[in-house]
Amino acid sequence: MDKKERVLICGGGPVGMVTALALVQQGIPVTVFEAFEEPPQDPRAATVHPSTLEMLDTVGLAAGVIERGLPAPAFQFRDRKTQEIVAVFDMKHIADETDFPFAIQYEQWKLVRDGLAALKGNDLADIRLGAKVVAFSQDYEGVTVVQENADGSLEKTEGRYMIACDGGRSTIRIGLGVFMSGFTWGERFLVLTSQHDFAKDGYIHRNYVMDPTEWCAVFKVPGDRDQGIWRTLFPTAPEERDEDLLSDEGIGKRIRGLSGDMDHTDIIHRNLYAVNQRVADRFTIGRIFLAGDAAHLNNPLGGLGLNTGIHDCMNITRKIGDVWFGRATDEVFERYHRQRHQLATEFLQSVTIENKKRMEEKDPAVIRRNQEILRENAEDPVKAKAWLMRSSLLDSVRKEETIE
């Protein structure tokens with residue numbers, strides 16, 4: 001086999017691993033470059049939506065995600081001041097649209113682990129962990145990557161195409177000079193993880209807590225040992241200092257405000273990060289394609305980042321397969337840009353911004369109206385279905401194929 005006849009994948013996170021799996025199952029060789037020697041077990045994305053479960057099912061990963069993850073057949077909105085459950089959206093309303101009328105809470109590093117296991121022993125998959133991409137180039141015939149190994153040595157690899165799945169600080173996107181349009185929110189998000197059982201307070205596995213002073217989100221995920229842990233996400237003020245936000249006093253103040261019988265000693269992980277709403281101006285640059293966080297960044301409310309990243313990879317891998325086996329010409333790659341860029345701009349960004357604004361609204365009259373609308377939508381089967389089709393990304397998947 002010609003060593004150039006392969007697809008290079010920069011980044012071995014969940015998007016990169018699903019990309020590799022989708023390609024080798026079509027008979028296309030891949031080389032994956034991942035700087036980490038093993039998936040970092042940090043508290044990142046953990047909600048897998050019905051539309052994404054459909055896609056993972058096509059590459060043989062859905063059954064394991066469902067078996068090992070926590071089922072989330074509904075999500076709720078709550079009022080923090082009154083502790084009233086404002087609305088519960090039950091995914092039974094989309095049971096006629098998908099074989100997976102539920103979400104699954106499953107950490108993204110576990111999806112990476114599952115992808116690695118599925119690729120192990122496959123002769124078409126060359127997985128290079130601990131390999132950092134430090135340079136790349138492309139011409140009319142292919143793409144060349146230079147990797148730096150753990151011992152400092154350099155190694156060159158050639159391929160026909162490259163898919164950049166290397167995250168928000170993408171080396172490939174930056175090297176290509178592709179600008180990310182959009183903005184960064186003034187506040188950052190503080191994520192706290194504990195084993196405190198929020199279920200005793202009426203929380204289910206996915207909860208959005210509305211409050212004009214300090215809204216929050218509460219989610220349950222399996223945890224490192226599948227013991228079941230809870231994540232709470234809070235906004236922070238731009239002027240607050242890192243050392244204060246992450247201090248025991250700062251952590252204790254926030255968590256006690258949500259549950260009075262907790263303090264900082266209940267927290268097993270704390271993390272602070274900036275929040276962006278940005279989309280790359282180009283998803284296709286010659287023989288290189290951007291996917292996942294390398295292509296778009298958004299706030300995490302709604303759990304759409306990981307899911308849309310997997311949607312990106314399933315789109316581009318289908319198109320690469322069509323070109324690889326002569327069913328289409330290279331012109332189809334421009335359609336990847338049109339489809340995924342339009343959905344990231346018009347759908348992903350708008351939904352995540354709406355989610356945040358709804359949670360942080362300060363005007364009492366607007367809050368009441370927002371809650372009335374939520375309740376009306378949740379209680380009316382037709383409106384609930386429409387809401388769930390959008391929030392689960394099934395509408396996005398349907399629209400994608402209409403974009404020429």
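The values are calculated or read from the model by the stated rules, or taken from the named source; none is laboratory data. Nothing here was measured: the structure is a model prediction, and the numbers come from that model. Cβ placement follows ideal geometry from the backbone for every residue including glycine, while neighbour counts extend to all protein chains displayed. For the accessible areas, the whole protein counts, side chains as well, though only heavy atoms, and no ligand, DNA or RNA atoms are used. Shrake-Rupley method; radii C 1.70, N 1.55, O 1.52, S 1.80 Å.
Keeping every protein chain in place, order Phe36, Phe77 by accessible area at 1.4 Å, biggest value first, i.e. largest first. All intermediate terms of the calculation are to be shown ahead of the outcome.
Details: Phe36 115, Phe77 10 Å².
So, going from the largest accessible area down, we get Phe36, Phe77.
Considering all projection directions equally, how large on average is the shadow of the alpha-carbon convex hull of the stretch 112-241, in square nanometres? It would help to have the intermediate numbers written out before the result.
Details: hull surface 53.6 nm².
Averaging across all directions leaves 13.4 nm² for the Cα convex hull.
Determine the dipole magnitude for the chain: charges of +1 sit on the beta-carbon of Lys and Arg, -1 on that of Asp and Glu, nothing else is charged, the reference point is the Cα centre, and the result goes in debye to the nearest 20.
Computed about the Cα centre, the dipole is about 420 debye.
One-quarter of the Cα convex hull surface for the stretch 1-78, in nm²?
Values: hull surface 28.4 nm².
Projected area, direction-averaged: 7.1 nm².
Report the equivalent ellipsoid semi-axes for the stretch 325-386 in whole Å, largest first, defined as the square roots of five times the eigenvalues of the gyration tensor built from alpha carbon atoms.
39, 16, 6
Using only protein heavy atoms and a 1.4 Å probe, report how much of Trp230 is accessible, in Å² to the nearest 10.
Ignoring ligands and nucleic acids, Trp230 comes out at about 10 Å².
Considering the dipole of the chain built from charges on the beta carbon (Lys and Arg +1, Asp and Glu -1) around the Cα centre, which of Val275, Ile353, Leu70 is farthest to its positive end?
Of the candidates, Ile353 comes out farthest on the positive side.
Per the helix-only calculation at 222 nm, which mean residue ellipticity applies to the chain, given -39500 (n - 2.57) for every DSSP H run of n ≥ 4 and division by its residues, nearest 500 deg cm²/dmol? Numbers along the way, then the final one.
On the way: 13 runs with 138 residues, N = 404.
Calculated mean residue ellipticity at 222 nm is -10000 deg cm²/dmol.
What area, in nm² and to one decimal, does the C-alpha convex hull of the chain cast on average over all directions? Before the final figure, lay out each step's value.
Working: hull surface 80.8 nm².
Average projection, Cα convex hull of the chain: 20.2 nm².
Report, in cubic angstrom per residue, the convex hull volume of the C-alpha atoms of the stretch 266-312.
On the way: hull volume 4.8 nm³, N = 47.
Spread over its residues, the Cα hull of the stretch 266-312 gives 103 Å³ apiece.
For the stretch 190-269, max minus min Cα coordinate along each principal axis, in Å, sorted largest first?
36, 26, 20
Compute a Gaussian network model of the chain, connecting alpha carbons closer than 10 Å, and tell me which residue from Ala117, Ala62, Ala103 fluctuates the most.
Ala117
Beyond 18 Å, what share of the Cα-Cα pairs of the stretch 263-404 remains, rounded to the nearest whole percent?
On the way: 6414 of 10011 pairs.
Roughly 64 percent, once rounded to a whole number.
Could you check what % of the DSSP bridge pairs in the chain are antiparallel, to the nearest 5? Let's see the in-between values first.
On the way: 52 of 72 bridges.
Bridges in the chain are about 70 percent antiparallel.
Please report the accessible area of Glu243 (heavy atoms, 1.4 Å probe, ligands and nucleic acids excluded) in Å², nearest 10.
110
Report the residue, chosen from Arg231, Arg327, Arg128, that carries the largest GNM mean-square fluctuation when the chain is represented by alpha-carbon nodes joined by springs under 10 Å.
Comparing Arg231, Arg327, Arg128 in a Gaussian network model of the chain, the most mobile one is Arg327.
Would you work out the relative contact order for the stretch 143-223, in percent, from Cα pairs under 8 angstrom that are 6 or more residues apart?
Values: 50 pairs, mean separation 11.0, N = 81.
It rounds to 14 percent for the stretch 143-223.
Given Lys356/Lys399; Lys220/Lys383; Lys220/Lys319; Lys362/Lys399, which pairs have Cα atoms separated by over 30 Å?
Values: Lys356/Lys399 24 Å; Lys220/Lys383 27 Å; Lys220/Lys319 36 Å; Lys362/Lys399 34 Å.
The pairs that break the limit, which is 30 Å between Cα atoms, are Lys220/Lys319; Lys362/Lys399.
Rounded to whole Å, give me the distance from the Cα center of the stretch 314-345 to that of the stretch 54-85.
29
So what is the relative contact order of the chain, in percent, for Cα pairs below 8 Å that sit 6 or more residues apart?
Computed value for the chain: 21 percent relative contact order.
For the stretch 126-172, run through the GluC sites (Glu not before Pro) and keep only the ones in DSSP coil with at most 14 other Cβ atoms within 10 Å of their Cβ. It would help to have the intermediate numbers written out before the result.
Numbers: sites: Glu141, Glu148, Glu155, Glu158; in loops: Glu141.
Answer in residue order: Glu141.
With charges set only on the Cβ (+1 for Lys and Arg, -1 for Asp and Glu), what does the dipole of the stretch 36-81 come to about its Cα centre, in debye to the nearest 20?
Values: 5 positive and 7 negative charges, 92 e Å.
It works out to roughly 440 debye.
Rounded to whole Å, give me the distance from the Cα center of the stretch 115-143 to that of the stretch 171-221.
31
Let me check something: with ligands and nucleic acids excluded, how do Lys110, Lys383 order by accessible area (1.4 Å probe), largest to smallest?
Final ranking, largest accessible area leading: Lys383, Lys110.
Among the DSSP beta bridges whose two residues both lie in the stretch 1-135, what percent are antiparallel, rounded to the nearest 5? Intermediate values should be presented prior to the final figure.
Values: 10 of 19 bridges.
Bridges in the stretch 1-135 are about 55 percent antiparallel.
So what's the stretch 89-130 giving for Cα Rg divided by 2.2 N^0.38 Å, two decimals?
Working: Rg = 16.2 Å, N = 42, 2.2 N^0.38 = 9.1 Å.
My calculation over the Cα atoms of the stretch 89-130 gives 1.78.
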